[in-house]
Amino acid sequence: MAKKKKTAKKAARAVSAVSSYKPLEHHFHSLKPAKSRYIVVGMWALILAILGSVMLALVETPYLALILVAVGFIVGFMNFEHEETVKFLVSAAVILIVATAILMTGFSRLEIVAPVVALYLKRAAFNVISVAAPVAFIISLKALKELAE
């Protein structure tokens, strides 16, 4: 009976040792290279471009879509790390799907109650698509190039 208890205790210690195992990288987290300033600027440029496109929905400018597409290409060419590519493409796909859904629904009931709000939401969705689509296109081309190498 005592032998079974000792064996059970050894097994419990072995399980706890395995469950508390931390990879060697955990102990040397300070040795990970910091993100370059260029990458951080790229992420902030994307956030500011999307927020700016939503705010610019209040203004009616003749060449706004062309300007936003150009900004999208510029942000897309900024450096994103390989690890961030999948996260970015998934989030860009969600943004594009939601913005397209906003454009496609038409807000029939909202247009009756508050036509100005519906118009603003449609313009904002169009502007977000104008920025996010070129960025997603460039990042996906970069990802394909990395996969081919």
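Remarks
- For the residues LYS22, LYS87, the requirement of being modelled with pLDDT under 70 and exposed (fewer than 15 other Cβ atoms within 10 Å of the Cβ) singles out LYS22.
- Residue within region 137-147 that is free of Cβ contacts under 8 Å to residues at least 12 places away in the same chain, of a type in the set (A, V, I, L, M), surrounded by 14 or more Cβ atoms within 10 Å (Cβ to Cβ) and more than 17 Å from GLY52 (Cα to Cα) present: no
- Note on region 93-123: residues that are surrounded by 19 or more Cβ atoms within 10 Å (Cβ to Cβ) and either among the small types (Gly, Ala, Ser) or touching a Ser or Thr at 6+ places or on another chain (Cβ under 9 Å) (or both) amount to 2.
- GLU84 passes every criterion in (1) closer than 27 Å to LEU141 by Cα; (2) in contact with a helix residue (DSSP H, G or I) (Cβ under 7 Å, 6 or more places away or on another chain); (3) of a type in the set (Asp, Glu) apart from (2).
- Looking across region 52-92 at every residue that is hydroxyl-bearing (Ser, Thr, Tyr) and in a helix (DSSP H, G or I), the one that is nearest to the chain's Cα centre (by Cα) is identified as SER91.
The values are calculated or read from the model by the stated rules, or taken from the named source; none is laboratory data. Keep in mind it's a predicted model, so treat the numbers as computed, not measured. Please note: Cβ atoms are built from the backbone with ideal geometry, for glycine as well, and neighbour counts cover all protein chains shown.
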